[in-house]
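Reading through the structure tokens given below for one structure.
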Amino acid sequence: MNCQPHLKRLVYKWSLINQSCLLCDEPAGQIYPVCVACEQALPWLGDQCTRCALPLPMAGLTCAQCCRRPPAFDQVIALWHFGFPVDTLISRFKHNRQWPLGRLMAELLGHGLLHRFAEGLPRPDLLLPVPLARRRLRERGFNQAGMLGRWLSSQLGIPGDQRILLRTRETPAQQRLDAQARRRNLRQAFALMGDLQGRHVALVDDVLTTGATVQAIAEVLRKAGAQRVDVYCLARTPKPGYV
């Protein structure tokens with residue numbers, strides 16, 4: 001019996017561990033490029049709404065908004081609340097094309113999802129990135145949700161599709177709108193080019209703020225026959241004043 005590890009595999013593993021942390025430039029010492037100290041300092045999302053992942057003071061609760069108006073999606077999975085330095089990392093990924101930062105965050109999200117799957121979270125049949133409007137796509141040159149979706153698809157072994165979910169209408173930027181205006185802004189903004197009857201679908205995006213975008217998409221997916229709709233994102237925006 002040959003108990004010696006394969007040389008190429010050994011070199012490959014060494015090369016992965018012998019890399020620098022993308023946040024502090026110190027040796028990472030891990031299989032992904034972030035050191036333990038920086039990883040622990042990230043704004044990890046703790047107690048949260050069981051439906052929309054809004055940060056809450058206690059575990060196992062559902063927020064008032066989800067109780068009053070249950071969303072069309074089943075569950076949001078997010079790693080962090082949208083605070084420093086994750087807010088800066090996402091901005092540099094989206095607006096400065098620093099794709100290694102996006103890849104790192106996607107890998108950490110993938111590890112978190114694999115852990116949740118092992119604990120009983122249902123695995124989806126399909127990953128669908130939230131689409132960008134054509135004008136925004138031309139300006140930015142890429143869809144950050146599409147890139148996250150491709151990385152997650154590869155890591156999780158779940159197929160993804162960027163073609164069947166379309167943004168059919170140009171809408172004003174959501175950042176300057178309140179929750180009600182965001183919902184009005186997204187009416188009839190999405191269309192589906194495929195059959196999802198009886199399927200479990202997960203939407204992929206970078207940040208969940210009010211949830212208006214994923215709510216509008218989830219309604220379209222439900223009408224197309226989707227049995228379950230989850231949302232996977234990097235960060236969840238807390239309410240003002242959250243510490």
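Read-outs: derived from the displayed coordinates by stated rules, not from any lab. What you are looking at is a predicted structure, and each value in this text was computed from that prediction instead of being measured. Note that each Cβ is placed from the backbone with ideal geometry, even for glycine, and that neighbours are counted across all protein chains shown.
Table for the structure above
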item	result
In the range 74-141, the GluC sites (Glu not before Pro) that fall in loop regions by DSSP, at most 13 other Cβ within 10 Å	Glu119
Extension reserve of the Gln188-Arg163 stretch, reckoned as 0.36 nm per residue once the Cα distance is removed	7.2 nm
Solution diffusion estimate, µm²/s, Stokes-Einstein, the range 43-236, Kirkwood Rh from C-alpha pairs, 10 °C, viscosity 1.306 mPa s	94 µm²/s
Relative exposure of Met147, Met105, Met58, judged by other C-beta atoms within 10 Å (fewest first)	Met58, Met147, Met105
Distance in nm between pseudo-label sites at Arg140 and Met58 (7 Å out along the Cβ direction from Cα)	3.8 nm
Coil-residue trypsin sites (Lys or Arg not before Pro) of the range 56-110, DSSP, other Cβ within 10 Å capped at 15	Arg97
